[in-house]
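Working notes, beginning with the structure itself.
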Amino acid sequence: MSDTYPLSNLAAIDAAHHLHPFSDMKKLNADGTRIIQRGEGVHIFDSHGKKYLDGFAGLWCVNIGYGRKEIADAVAKQMNELPYYNTFFGTTSSPTTLLAEKVTSKAGPRFNHIFFTGSGSEANDTWFRMARVYWAAVGKPQKKTVIARRNGYHGSTVAGASLGGMKYMHEQGDLPIPGIVHIGQPYWYGEGGDLTPAEFGLKVARELEAKIDELGEENVAAFVAEPIQGAAGVIIPPETYWPEIDRICKARNILLVTDEVICGFGRLGEWFGHQYFGVEPDFAPIAKGLSSGYLPIGGVLVSDRIADVLINEVGDFNHGFTYSGHPVCAAAALENLRIIEEEKLVERVRDDIGLYFAKKWGALAEHDFVGEAESIGLMGGLQLAADKKTRTRFEKPDPIGSLVRNHALANGLVLRATGDRMLASPPLVIRHEEVDEMARIAKLALDAAW
Ligand code: PLP
């Protein structure tokens, strides 16, 4: 690659021309961009040849690991055969249609249809409109408001960022847009007070019922949440939370949306997060692990209840993207799913490596400044705490996590930090000895930070 793209002054060119997502550009330009050159398995290599264990799978997405030639071959074949065609005007391509069949076959009996998008954000925009179209078609056009959660993350488009509950995003661009309201998050460690996790899980789930009462059931279209909050810090809800949410949505005739952009495609040891928690959503936006990030593709799984109305009552649904069902992205996704199936990666996470990871990651809770270290499958969150006995958080959480992250990085491990929480989501192909290495460096980084 370095032959194709000379490296000598790439950082300077980047500073001069490239605006990065979610970045303080002045600071980034001063620090200098890291240039990632190549990847192999769970490792990435930067332009200085330094090797890192990628404990974050890129951005929660490289589920099958880096450097899979099978994907490159499938992409090249499709690229040569048909690089692009649209799905708007009565047309499709083979990989697109076969992918629709394959993905829905993994999502349980309630899902038989998918609407393709280019990203997770677009997937969230898509169900947001589809939900309102659905309610209008069944004679309840006033059912428009969507209830979401504080500190949820559903993308960066205007609707996605509005559905998300990140204050720092709402502050930029005057969000949320009308018709979206937020309730609390099931973050027991930070907000549970004297309640047990089980009591707290019920309490925050019942905020949904209270909000429906306040708004009037006849005005509420849907409730959206990630099965496990990712960007907020891998916040695993108490066991009581999801069953109560599922009950409330059914009892009050509110559509349930589980945002599976991170949890989908094996991360929790099931194909989808809603299967892990045993709930029955009406929509499930997906992306990331659908192609393991090799090419951009997303979609919304649409339950039969909605699809029947959309197909038989609505007529034109005036929505779509140039890259909806892009044939080359679909070919990459199909091959990715073939690999996940063939290598039994979902089962591997459930029965083997996820359990091993839980043991090793969980042991980090023994550290003096770790309040808890939890995981499901290969998605782990770790709470840094000033006093673990009293569950006291650091007064200023922001630099604490970054400090640990930077120490880990210096020692060759990529972890993400969000305030006072550390986040891990390694590729599903990670080996036992690589989990050991992750835990070893994470402990080293925790020790170095104090
Ligand atoms: N939903 C969730 C739960 C996510 O974590 C993300 C991205 O991290 C998105 C939606 C947005 O996906 P994308 O960045 O592909 O638009």
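The values are calculated or read from the model by the stated rules, or taken from the named source; none is laboratory data. Bear in mind the structure is a predicted one, so any value in this text is a computation, not a measurement. Counting neighbours? That spans all protein chains shown, and the Cβs are built from the backbone with ideal geometry, glycine included.
Does LEU364 fit the bill of being modelled with pLDDT of 95 or more, more than 16 Å from ILE430 (Cα to Cα), in contact with a strand residue (DSSP E or B) (Cβ under 7 Å, 6 or more places away or on another chain) and more than 13 Å from the ligand (Cβ to nearest atom)? It would help to see each step written out before you state the result.
Details: modelled with pLDDT of 95 or more: yes; more than 16 Å from ILE430 (Cα to Cα): yes; in contact with a strand residue (DSSP E or B) (Cβ under 7 Å, 6 or more places away or on another chain): yes; more than 13 Å from the ligand (Cβ to nearest atom): yes.
In short, yes.
Just give me the residues in the stretch 104-128 being assigned to a helix (DSSP H, G or I) and more than 16 Å from the ligand (Cβ to nearest atom), in sequence order. Result: THR104, SER105, LYS106. Strands (runs of 3 or more DSSP E) fully within the stretch 20-73 that include at least 3 residues being exposed (fewer than 11 other Cβ atoms within 10 Å of the Cβ) and at positive phi: none found.
Considering only the stretch 265-282, I want to know if a residue exists there that is within 12 Å of the ligand (Cβ to nearest atom) and either among the β-branched types (Val, Ile, Thr) or crowded, with 24+ Cβ neighbours inside 10 Å (or both). It would help to see each step written out before you state the result.
From the stretch 265-282, those within 12 Å of the ligand (Cβ to nearest atom) are 267, 273; that's our starting set.
Then drop every residue that is not either among the β-branched types (Val, Ile, Thr) or crowded, with 24+ Cβ neighbours inside 10 Å (or both), which leaves 267, 273.
Yes - at least one qualifying residue is present in the stretch 265-282.
Only one entry of PHE223, PHE265, PHE277 meets the criterion of being touching a residue at least 40 places away in the same chain (Cβ under 8 Å), closer than 19 Å to TRP135 by Cα and of a type outside the set (D, E, K, R), and that entry is PHE223. Filtered by the rule that a residue be under 30 Å from LYS140 (Cβ atoms) and either basic (Lys, Arg) or surrounded by fewer than 16 Cβ atoms within 10 Å (Cβ to Cβ) (or both), the stretch 315-348 gives GLY315, ASP316, PHE317, ASN318, HIS319.
Here is a yes/no grid of residues against (1) farther than 28 Å from GLY165 by Cα; (2) outside the structural domain of LEU59 (by TED's automatic domain parsing); (3) of a type in the set (A, V, I, L, M, F, W, C):
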{"site": "VAL261", "(1), (2), (3)": "no, yes, yes"}
{"site": "LYS288", "(1), (2), (3)": "no, yes, no"}
{"site": "GLY298", "(1), (2), (3)": "no, yes, no"}
{"site": "VAL302", "(1), (2), (3)": "no, yes, yes"}
{"site": "PRO327", "(1), (2), (3)": "yes, yes, no"}
{"site": "ASP352", "(1), (2), (3)": "yes, no, no"}
